[in-house]
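The values are calculated or read from the model by the stated rules, or taken from the named source; none is laboratory data. This one's a predicted model, so the numbers in the text were calculated from it and none came from an experiment. Virtual Cβ from ideal backbone geometry, glycine too; neighbours counted across all protein chains shown.
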Amino acid sequence: MDAFADWFFVAFWVLGVLLTLLPFVPATLVILFGALVHELLVGFRELSLGTWLGLGALALLAMLLDNVAALVGARRYGAGRAGLWGAFLGGVLGLFFGVVGVLVLPFLLAWLFEYLSGRRPEEALRAAWGTLVGLMGGVVAKVLVHLAMGVLVLRAIF
């Protein structure tokens, strides 16, 4: 049963890391779910309280990074509220168009919303680029945190 539980966690960890690439998918919760089911299967004897606290702290960090990175990138490049809303809406709509949609639509709608809010096309382009940089920076940071979550659990169970 231990081997099954271990591989169950590994499968959910890998799934969670891959799902990090899709916006609005709770990849962090997928990893935590994998750890919880692992512990249910082994009778809560492999992950210590310290490991659970570490997982919780990393989960909070992942959620914080996801929200703050887009804001920081957008603000650094001069995006306003309109650009942020455009990027958000583009991310939601992009889910229906695959990976290209997830990358292109936030950029296009951030530009469009900035432009419609009265910005010159060059300013709107810079703001849209900043929004995209922030979003991608957040994804990279979350992938790193999700990798750290997996390593933390793997060190405890192997």
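Ser48 satisfies every condition listed in (1) touching a helix residue (DSSP H, G or I) at 6+ places or on another chain (Cβ under 9 Å); (2) free of Cβ contacts under 8 Å to residues at least 60 places away in the same chain except (2).
Just give me the residues in the range 61-92 being over 17 Å from the mean Cα position of the chain (by Cα) and in a helix (DSSP H, G or I), in sequence order. Passing the criteria: Arg75, Arg76, Arg81, Ala82, Gly83, Trp85, Gly86.
Each row is one residue, and each column tells you yes or no for (1) touching a residue at least 40 places away in the same chain (Cβ under 8 Å); (2) of a type in the set (Val, Ile, Thr); (3) touching an Asp or Glu at 6+ places or on another chain (Cβ under 6 Å).
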{"residue": "Leu108", "(1), (2), (3)": "no, no, no"}
{"residue": "Trp111", "(1), (2), (3)": "no, no, no"}
{"residue": "Tyr115", "(1), (2), (3)": "no, no, no"}
{"residue": "Leu125", "(1), (2), (3)": "no, no, no"}
{"residue": "Thr131", "(1), (2), (3)": "yes, yes, no"}
{"residue": "Gly134", "(1), (2), (3)": "yes, no, no"}
{"residue": "Leu144", "(1), (2), (3)": "no, no, no"}
{"residue": "Ala148", "(1), (2), (3)": "yes, no, no"}
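Scanning the range 79-102 for residues that are farther than 18 Å from Arg126 by Cβ and surrounded by fewer than 18 Cβ atoms within 10 Å (Cβ to Cβ) yields Leu89, Val92, Leu93, Leu95, Phe96, Phe97, Gly98, Val99, Val100, Gly101.
Checked against the criterion of being surrounded by fewer than 14 Cβ atoms within 10 Å (Cβ to Cβ), of a type outside the set (S, T, N, Q) and modelled with pLDDT of 95 or more, the candidates Phe12, Phe33, Phe4, Phe24 yield just one match: Phe4.
Filtering the range 31-60 to residues that are assigned to a loop (DSSP other than H, G, I, E, B), more than 19 Å from Val145 (Cα to Cα) and not acidic (Asp, Glu) leaves Gly43, Phe44, Arg45, Ser48. Considering only residues in the range 108-128 that are closer than 14 Å to Trp85 by Cα, surrounded by fewer than 22 Cβ atoms within 10 Å (Cβ to Cβ) and of a type outside the set (Ser, Thr, Tyr), the one that is farthest from the chain's Cα centre (by Cα) turns out to be Leu116.
Hey, does the range 59-78 have a residue that's in contact with a Leu (Cβ under 7 Å, 6 or more places away or on another chain), surrounded by 15 or more Cβ atoms within 10 Å (Cβ to Cβ), more than 13 Å from Leu132 (Cβ to Cβ) and at pLDDT 85 or above? Yes, the range 59-78 contains a residue that is in contact with a Leu (Cβ under 7 Å, 6 or more places away or on another chain), surrounded by 15 or more Cβ atoms within 10 Å (Cβ to Cβ), more than 13 Å from Leu132 (Cβ to Cβ) and at pLDDT 85 or above.
Do we find that Arg75 is of a type outside the set (Phe, Trp, Tyr), at negative phi and free of Cβ contacts under 8 Å to residues at least 40 places away in the same chain in this structure? No. Residues in the range 133-158 that are hydrophobic (A, V, I, L, M, F, W, C), surrounded by 23 or more Cβ atoms within 10 Å (Cβ to Cβ) and more than 30 Å from Met1 (Cα to Cα): Leu135 alone.
If the condition is being without any contact (Cβ under 8 Å) to a residue 60 or more places away in the chain and either closer than 16 Å to Leu154 by Cα or charged (D, E, K, R) (or both), then the range 15-31 contributes Leu15, Val30.
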